[in-house]
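Derivation of every value follows stated rules applied to the coordinates shown; laboratory data play no part. All of these numbers come straight from a predicted model, not from anything done at the bench. Reconstructed Cβ throughout: ideal geometry from the backbone, glycine too, with neighbour counts over all protein chains shown.
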Amino acid sequence: MANATERIGVMHCAEIAERNKWMFREQPINDIGIDAHMEFVDSKSGKLKQLLALQIKSGKYWFKEEKDGYIIFRDINERQYNYWTTNSLPCIVVLYHPDDNRCIWQKLTKETIERAKGGKGLFVKVPLNQIFLNDISNQQLLSFTNLPEHVTNYNFLLSQKEFMMIIRNGGTVKLHSEEWVNKCSGRGTTELIVDDGKSIRNYLYLYCFPFTLYTEFFPKLFPWAKFSVDEDYYEEYDKTLWHEDNCFYDKDDDEWYTYDGVTFEEYRQKLDPMRSIDHSGEVAEYMFILSLNELGKSFLTVNEFVSQNHAYVAARPKKTKRLMLTALKNYHAWLLKMALTYMLQIL
């Protein structure tokens, strides 16, 4: 479990991202170091323009080494270097100082990550004037890469691979959201509740969907998922609806009876699988259990294949070197033949 300072830093970055119209998604913790993904969607075209991976470091500790207008970010190992510099997503480090809310960043590339003298240790110079996210930084991050759309779409799915794998491995991923239905701004709260069998973590999605039902956006946020209501979570609310629609109360028997003989279980089967819990007409609350749809299953299959080292090697013919030499010898013989034929023609 991340400590309080780390949590404050992540949430501070999420707040800054939201103010600048970036979508921010906290990621499952791993031992390499990607804490969140951040994406920017063009408001006019609706197309994804940028998708970034963030390593977020919070605390005074990370600001202890300052030199020539830079903070020196150390403690980088070879595994992190390889992961960040070969990642399919552009990676950045964000340093957050809790005392004065300073938040600065730097790219994590082969050019920015330097090796200390003597080859011991890796470090990055993070400019003190490179603020996360002012107007200048915003433009820099938008132009960090210019990937083709199909690559961006693949990266979007890749950014949620951990959730897909948790589901496939028997874990549980739930989507909990509260939509303020009377607010045209589309504001509300959305989070994933992820149980991998070892721990339960919540990932907050600070999104808003103006003039659009949340149920229309959930499949766009998680295109790899099928959605079904959490039956246990909805039980009391569904029972209230059943009583109102199909039952009458007998005071003498202290019992509910149905008008048409439809049982509670039969009544629930007819309800909308993407329904919400209505809180006094002000808030629509959702609690869905996510499972893998065909896209999710297919993506994991394709990702496993392309993640193999030299997956195509098995298709190579044996004794490649000998075959290449034979082909080269035949090619030279053909060239000699063509040259002789040409000389005979001109003589």
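For region 65-106, the residues whose backbone nitrogen is under 13 Å from a point 7 Å from the Cα of I8, taken along Cα to Cβ, are 96-102.
Computed 3J(HN,Hα) for region 46-63, one whole-Hz value per residue from the Karplus formula 6.51 cos²θ - 1.76 cosθ + 1.60 where θ = phi - 60°, is x, 8, 5, 9, 7, 9, 10, 10, 10, 9, 10, 10, 10, x, 5, 3, 6, 9, glycine and proline marked x. Between R168 and K226, the distance separating the two model label sites (each 7 Å from Cα on the Cα→Cβ line) works out to 1.6 nm. Straight distance only, please: which lysines reach the Cα of K251 with their own Cα at less than 29 Å, same-chain residues fewer than 8 apart left out? Candidates past the 8-residue exclusion: K239, K270.
Seen from K57, the other residues with C-beta closer than 10 Å to its C-beta sum to a net charge of -3, counting Lys and Arg as +1 and Asp and Glu as -1.
Counting only Cα atoms, region 27-169 measures 42, 37, 29 Å along its principal axes, largest extent leading. With the charge dipole of region 1-156 set up from +1 on Lys and Arg Cβ and -1 on Asp and Glu Cβ about the Cα centre, the Cα lying farthest toward the positive end among the listed residues Y81, L133, N153 is that of Y81.
Placing +1 on each Lys and Arg Cβ and -1 on each Asp and Glu Cβ, with no other charges, gives region 89-158 a dipole about its Cα centre of roughly 440 debye. Amide H contacts of K49: F40, V41, D42, each under 5 Å away and 5 or more positions distant or on a separate chain (H built 1.01 Å from N in the peptide plane; Pro and chain starts excluded). The E15 and D278 beta-carbon pair, evaluated with R₀ = 41 Å, returns a calculated FRET efficiency of approximately 0.90.
Between K226 and S291, L292, N293, the built amide H atoms are under 5 Å apart, and every one of these is 5 or more places off in sequence or on another chain. Placing a label point 7 Å from the Cα of E111 along the Cα-to-Cβ direction, the residues of region 119-133 with a backbone N closer than 19 Å are 123-131.
Taking the Cβ of L241 as the center, what net charge do the other residues with Cβ under 12 Å away carry, scoring Lys and Arg +1 and Asp and Glu -1? Mind showing how you got there, number by number?
Values: positive: K239, R268, K270, R275; negative: E235, E236, D238, E244, D245, D272, D278.
Once positives and negatives cancel, what remains is -3.
A Förster radius of 45 Å, combined with the Cβ-Cβ distance separating K161 from D260, puts the computed FRET efficiency at roughly 0.45.
Once the Cα-Cα distance is subtracted from the 0.36 nm per residue extended length, the E236 to E216 segment shows a gain of 4.7 nm.
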